[in-house]
Amino acid sequence: MEKRECCSGKSKLRNDEEKKKLISRLNRIEGQVGGIRRMIERDAYCTDVLVQSAAVNAAINAFNRELLSSHIRSCVVEDIRNGKDEVIDDLLITLQKLMK
């Protein structure tokens, strides 16, 4: 597997199973968002659209929980074991962003 840097300059190698699981969740979310777009195009009733929007929010929250759990169990634990305690501050900042 090739490491590619992202926004923070760090990267995370994910196994094929983890990637497949996360991508599957994202594909479902994309489908839900497309469904909402079609509802708007068809002039669907506001509350019906809002219910679907809430479902997308729930799906994104589930995605975030899955990814955060993986992050803590792998990246955070590894960094702490390697003496990089600053990862705790990074984790707290991330949690604050997720809780907005």
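Every number in this text was worked out from the coordinates using simple rules, so none of it is lab data. Predicted model only: the values in this text are computed from it and were never measured. We place every Cβ from the backbone using ideal geometry, glycine too, and count neighbours over all the protein chains shown.
Based on the Kirkwood radius over alpha-carbon pairs, what value in µm²/s does the Stokes-Einstein equation return for the translational diffusion coefficient of the chain at 10 °C and 1.306 mPa s?
The calculation lands on 100 µm²/s.
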State, as an integer percentage, the relative contact order of the range 16-98 based on alpha-carbon contacts under 8 Å between residues 6 or more apart. 26 percent
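Run the numbers for I72 and E30: contour at 0.36 nm per residue of separation, minus the present Cα-Cα distance, in nm.
12.5 nm
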For the range 16-31, Karplus couplings with θ = phi - 60° (6.51, -1.76, 1.60), whole Hz, Gly/Pro x: 4, 5, 5, 4, 4, 5, 5, 5, 4, 4, 5, 4, 5, 4, 4, x
Efficiency of FRET between Y45 and K97 - r from beta-carbon atoms, R0 30 angstrom, step 0.05: 0.35
